[in-house]
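As C-alpha cells, the structure follows; a few thoughts come after it.
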Amino acid sequence: MYRSLRRITFSQWLLLLLLTGIGLFMFIPIVFLFNNAFKPLSELFIFPPTIFVRQPTWANFERLFLFTSSGAVPFTRYLFNSAIVVVIALIGVVLVSTMAGYVLSKHRFHFKSLIMGTIMISLMFVPETVLIPRYLVINALGIRDTYFVHILPFVASPVAVFLIKQFIDQIPDSLMEAAKLDGATDVYIFTKIIIPLIGPAVATVSIITFQAVYMNVETSQFYVTNETLRTMAYYMTSFTVNIPGVAAASLGAAIGLLMFLPNLILFLTFQRKMIETMLHSGVK
Amino acid sequence: MEPTLPSVQPSIKTRRRKTDLKQRIVLFIQECWRDRLSYLFLAPFLICFAAFILVPVLMAAFLSVTSFNGIGFPKFIGFDNFIAMVTQDFVFMRNTLPNTLQFAVIVGPGGYILSFVFAWLIHQLPRGAREWYTLALYAPSMVGGVALSVVWVAAFSGDRAGYLNNILMSLNMIDSPKLWLQDPNYLMIIMIIVSLWTSMGVGFLAMLGGLQTVNTELYEAGRIDGIKSRLQEVYYITIPSMKPQMLFSAVMTIVGTLQAGQISSQLTGMTVTPNYAGHLISNHIEDYAFLRYEWGYASALSIVLLMMGYALMRLSYVLFRTKEDE
C-alpha cells in the first residue's frame, strides 16, 4: 500500500480525503454499535449523550447471557438455532446451486432456456410478497415448527444459481472435452474440475446466503410458533420492540454486535473473491 | 389414372405426419432420457424453487381473485379485490400507495446512483487502498436494517438524550426535543435516510466488479476521439462498457427497495405506524394477512407489488440491455 501511495497525485489526495470523509460518515452507525455494546448502564444516561465509551465493560454481554437464562428460553438457545440453521442452509445452497449452475452452463438439454428464463425473472422475486401462500405450502408439507422451515425456502436461491452459472460460463469448454476424452464422467468433471475452479463464486454465494438466513426474521415470526425454534435475529427484533428506550440500547447493541461480527469476518476474508465473482455477474 | 392421385396423396401425407409426430415424441423422450443426468443435477434446485417460489406465486395469483380468511375454502369473486383496492381501501389510496411511491422513487434510484458514484470514486483509488473504503461503505448493509435499528432508535430518540435532538439543540436549531419517530411529518424522511444508508449492498459490489471489466484502452481511444471531461468519459465509455453489471445491480436494487417494509415497524416498534406515515405496501400486506386475516385481499396486494417489481425490471432491461451490435 505504501508503494502505491507514493505514486499518487494531488487530485488523488483530494479524492482520498473526500472518500475518507464519506467512509467515516457511513461508518458512524457501526462505531456507535461497537461503543454502545461496551457501555456500562451509567454511561447510557449521561447528558449530553456521548458516542465513545469511557469505561468499556463486558457487563452487557454477561447480562445478555444471564438475563434470558432466567426467562423461558435461554439466549444461548437462539444462538444455537441461528448457528445450526445457517450452517445447514449454507451447505444446502452451495450444493444445490453449484449442481444447477454447472448443468445450466455446460449441458444442453430440453427446457434449458425456459428454466434459465424463469430464473432471470425470479431474480427480482421478493419473498415477503408471498408470505401467505408460503404459509399454506409450509403447512401442507408439514414443516411448520421444524428447522426445515428455516432452511428449505432459502435453498431455492435464483441469485445464487445465477452467479454460479455466470462464473462457470467463463471456464473453457475445452477443459471438459479433454477430460471427457480421457473417459471422465459428469460427476467426476463436476467434483474434480468445476468445484475447485469456482471457489470465488461459492464464497460469494455463501456470504449472500449467510446474510439472508442469519438476518431473517419473517420465518421465526410467521412460520414458527415454538419459541425454542426461533432464531437470534427474531429474538433481537422482539427485544428492541418490547423494551423501547435507552435501557434496551445497550443490550440491543450487544446483540447487534454479535449479529454483525460473523458477517464482518466473512466479508473481510472473502472480499477479493466477492469482487472477482462480480466481474462475471452481468446480465446480458 | 390421374384423378386418383390427389385422393391417395393426402392419406400418405397424414400418415407420414402421424409417424413424424410419433417419431418426434419418441426422439424427445429418448433425448430426455439421454440428458437424465442434467435433470438429476437440476432436480434439487427445481423442487425447492417450485415449492417455495413458483407455487406460492401462482397461489397468490389464484387467491387474489378470491375471498379467503384462512379457514374454509377460497370463494371466487373475480376482480373485486382489485376494484376494492382502488375504490374502497382509503388507507391504500391515501397513504400506502403514495408512501410506497415516494419511498421507492427516492431510495431506489437514489441508492442506485449513490452506489455507482461511490463505486466509481473508489475505483479511481490505487488498488491497495480500495478495500478499506469498500468495507466502510458496504458495512452498514451487512449489519442490515434490523440489527441497526438499535442505533437509529437511539439516534432519533424523542427525549433530550437523543443524539439528533442533542446536536440540533446545541446548534440552537430547535428549542425543545422533537419526537422524530412518532411524528408523522418526519418518519418518512428518517426511513428514507436510514434505507439509503444501508443501500450499498450486493449491487454496489457488482458495480465495483463491473468497473474493473472496462477496457482501459477505450479511455485512450476516447480521448483521441475528443472526449473532454471525466463526466463525458463516464457517460460515453464507462457505463456502456459495464451495462451487464449495471443491470444486475438494478435488479438487486429493486428487490432491496420493495423488500423494505420492516424498517418502519423497527423504528417505531409498531406494525401500523402513527397516521400511517410510514405505511408501505409490505406493511399493508402484513396488516391484512396477519392482523385481519383477509388473505384474498392481501394476496391481491402481493400481486400488485410483484407486478410493480416486474415492470421496474423490464424498465431496467430497456435501459441497460446489451444490444446485439455491441
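Quick note: the coordinates plus some simple rules give every number you see, no bench work behind them. Model, not experiment: these values are computed from the prediction. Using ideal geometry, Cβ is built from the backbone for each residue, glycine included, and neighbour counts are taken over all protein chains shown.
Assorted remarks:
- Label sites at A:Leu18 and A:Arg272, each approximated as a point 7 angstrom past Cα along Cα to Cβ, lie 2.9 nm apart.
- Taken residue by residue and averaged, Cβ atoms of other chains lying within 10 Å of the Cβ of A:213-222 number 2.
- Cα-centre dipole for segment B:12-120 with unit charges at Cβ (Lys and Arg positive, Asp and Glu negative), debye to 20: 1040 debye
- For B:Thr66, residues with placed amide H under 5 Å, excluding near neighbours: B:Ile77
- Farthest towards the positive end of the charge dipole of the protein assembly as shown, among the residues A:Asn35, A:Phe210, B:Asn283, is the Cα of A:Phe210, using unit charges on the Cβ of Lys, Arg, Asp and Glu.
- Taking the number of Cβ atoms within 10 Å of each Cβ as an exposure proxy, the fewest-first ranking of A:Lys284, A:Lys39 is A:Lys284, A:Lys39.
- Mean separation of Cα pairs under 8 Å and 6 or more residues apart, divided by the residue count, gives chain A a relative contact order of 29 percent.
- Dimensionless Rg over Rh [segment B:31-107; C-alpha; Kirkwood]: 1.22
- Each listed q (0.12, 0.13, 0.18, 0.23 Å⁻¹) maps to a log10 I(q)/I(0) for segment A:85-137 from the Debye sum over equal C-alpha point scatterers, namely -0.41, -0.48, -0.86, -1.04.
- Karplus 3J(HN,Hα) series, Hz, for segment B:267-283 with 6.51 cos²θ - 1.76 cosθ + 1.60 (x for Gly, Pro): 6, 9, x, 10, 5, 10, 6, x, 6, 6, 5, x, 6, 9, 4, 5, 5
- Within the listed set B:Leu114, B:Leu315, B:Leu137, the Gaussian network model of chain B (springs between alpha-carbon atoms below 10 Å) gives the highest mean-square fluctuation for B:Leu315.
- Helix B:295-320 vs. chain B, principal-axis angle (Cα, 0 to 90°, nearest 10): 90 degrees
- Exposure proxy order (Cβ contacts within 10 Å, fewest to most) of B:Val117, A:Val224, B:Val272, A:Val159: B:Val117, B:Val272, A:Val224, A:Val159
- Across chain B, the mean sequence separation of Cα contacts (distance under 8 Å, 6 or more residues apart), normalised by length, yields a relative contact order of 24 percent.
- Entries in A:Lys192/B:Lys243; A:Lys284/B:Lys18; B:Lys18/B:Lys323; A:Lys192/B:Lys323; A:Lys273/B:Lys243; A:Lys39/B:Lys178 that, when Cα-Cα distance is taken, lie over 30 Å: A:Lys192/B:Lys243; A:Lys284/B:Lys18; B:Lys18/B:Lys323; A:Lys192/B:Lys323
- The order of A:Thr20, B:Thr19, going from fewest to most other C-beta atoms within 10 Å of their C-beta, is B:Thr19, A:Thr20.
- C-alpha long axis of helix B:36-49 to longest principal axis of chain B, angle in °: 40 degrees
- Over the protein assembly as shown, the reciprocal of the mean inverse Cα-Cα separation, the Kirkwood hydrodynamic radius, stands at 26.7 Å.
- Normalised alpha carbon radius of gyration of chain A [divisor 2.2 N^0.38 Å]: 1.24
- For the pair B:Ser176 and A:Leu114, label points projected 7 Å from Cα toward Cβ lie 6.7 nm apart.
- Membrane-span-like helices in chain A, defined purely by DSSP H runs whose alpha carbon atoms cover 30 Å or more axially and whose average Kyte-Doolittle hydropathy reaches 0.0, are A:10-37, A:75-106, A:246-278.
- Whole-angstrom Cα spans of segment B:135-233 along principal axes, big to small: 60, 30, 22
- Average other protein chain Cβ within 10 Å of Cβ, residues A:24-31: 6
- Relative contact order computed over segment B:164-264 (Cα-Cα under 8 Å; 6+ residues apart), in percent: 31 percent
- Inter-label distance, nm, simple model (7 Å from Cα along the C-beta direction), A:Thr50/B:Arg223: 5.2 nm
- In terms of its Cα atoms, chain B spans 110, 69, 37 Å along the principal axes, sorted from long to short.
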